[in-house]
Amino acid sequence: DAKTTQPPSMDCAEGRAANLPCNHSTISGNEYVYWYRQIHSQGPQYIIHGLKNNETNEMASLIITEDRKSSTLILPHATLRDTAVYYCIVRVYGANSKLTFGKGITLSVRP
Amino acid sequence: NAGVTQTPKFQVLKTGQSMTLQCAQDMNHEYMSWYRQDPGMGLRLIHYSVGAGITDQGEVPNGYNVSRSTTEDFPLRLLSAAPSQTSVYFCASSYRQGQGEKLFFGSGTQLSVL
């Protein structure tokens with residue numbers, strides 16, 4: 001599975017959009033981009049995944065560049081409860097469901 | 001809907017002791033897995049199972065055993081605990097292989113080995 005690179009941390013103001021970047025320059029054509037988050041001491045929580053089209057659900061939007069070498073997770077109106085570590089993962093759809101979690105990016109939402 | 005249930009939430013062991021971390025899911029998921037999380041290391045896959053009777057090793061399987069006799073349960077066994085196994089352990093499940101991207105995680109077991 002392709003490796004991902006995320007900055008270690010970022011912050012944003014409550015109520016503003018949080019844009020979390022992820023670089024996956026070695027991604028293969030059949031690899032999807034997944035995002036999970038982990039709020040302190042809890043188990044990770046699935047957010048969203050996509051292949052090449054932009055995706056949106058009730059939690060977030062995922063924007064994938066046309067060359068698929070990078071993506072951005074957007075939390076449109078960040079709240080204090082969105083403070084967490086966010087993991088960007090790429091893997092082949094239909095593989096053995098093995099997810100490799102890196103160190104992620106710590107998002108701090110300030111009042 | 002309980003989801004993924006892990007027990008116990010906290011455990012302290014002495015070096016050399018054995019124990020089993022329990023994991024149960026009530027969503028009829030075929031895929032289950034165990035991760036450990038250490039400070040600054042992210043989550044590392046220990047063992048996983050794609051269905052009852054089928055298990056396989058992940059990234060860090062040494063010192064751990066698993067079995068999958070039922071769809072619902074996936075216990076993790078430490079045969080002879082070592083201080084290096086001090087960690088937070090998470091169990092996860094998903095619907096089935098090929099649609100396994102949406103993992104559901106338990107709340108974790110914090111294990112300390114003295």
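The values are calculated or read from the model by the stated rules, or taken from the named source; none is laboratory data. Computed from a predicted model, the values in this text were never measured in an experiment. Methodologically, a virtual Cβ is constructed for each residue, glycine included, from the backbone with ideal geometry; neighbour enumeration extends over all protein chains shown.
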Quiz item: How do the strands (runs of 3 or more DSSP E) wholly within the stretch A:1-50 filter down when requiring 1 or more residues that are over 29 Å from B:SER87 (Cα atoms) and among the charged types (D, E, K, R): which remain?
Solution: A:31-38
Quiz item: Just to be sure, is A:LYS103 within 27 Å of B:THR5 (Cα to Cα) and either surrounded by fewer than 20 Cβ atoms within 10 Å (Cβ to Cβ) or not aliphatic (A, V, I, L, M) (or both)?
Solution: yes
Quiz item: Mind checking which residues of the stretch A:2-42 are hydrophobic (A, V, I, L, M, F, W, C) and out of contact with any Gly (no Cβ under 7 Å at 6 or more places or on another chain)?
Solution: A:ALA2, A:MET10, A:CYS12, A:ALA13, A:ALA17, A:ALA18, A:LEU20, A:CYS22, A:ILE27, A:TRP35, A:ILE39
Exercise. Could you list, in sequence order, all residues of the stretch B:73-114 that are at pLDDT 95 or above and closer than 17 Å to B:ASP56 by Cα?
Key: B:ASP73, B:PHE74, B:PRO75, B:LEU76, B:ARG77, B:LEU78, B:PHE90, B:CYS91
Practice problem: Starting from the stretch A:29-46, take each residue that is within 11 Å of chain B (Cβ to nearest Cβ) and within 18 Å of A:ASN57 (Cα to Cα) and list its partners that are assigned to a loop (DSSP other than H, G, I, E, B) and polar (S, T, N, Q), counting only C-beta distances under 9 angstrom and pairs at least six apart or across chains. | Solution: A:VAL33/A:THR4
Quiz item: With respect to the numbered conditions (1) within 14 Å of chain A (Cβ to nearest Cβ); (2) modelled with pLDDT of 90 or more; (3) farther than 27 Å from A:VAL92 by Cβ, which one is the sole condition not fulfilled by B:HIS47?
Solution: (3)
Quiz item: If you go through the stretch B:50-67, how many residues are facing chain A (nearest Cβ under 10 Å), of a type outside the set (Gly, Ala, Ser) and touching a residue at least 24 places away in the same chain (Cβ under 8 Å)?
Solution: 1
Exercise. Return a yes/no flag: does the stretch B:88-110 have any residue that is more than 23 Å from A:TYR32 (Cβ to Cβ), away from chain A (no Cβ under 14 Å), under 11 Å from the mean Cα position of the chain (by Cα) and buried (at least 19 other Cβ atoms within 10 Å of the Cβ).
Key: no
Self-check item: Condition check for A:LEU73: surrounded by 16 or more Cβ atoms within 10 Å (Cβ to Cβ), within 14 Å of chain B (Cβ to nearest Cβ), touching a strand residue (DSSP E or B) at 6+ places or on another chain (Cβ under 6 Å) and in contact (Cβ under 8 Å) with a residue 12 or more places away in the chain
Solution: no
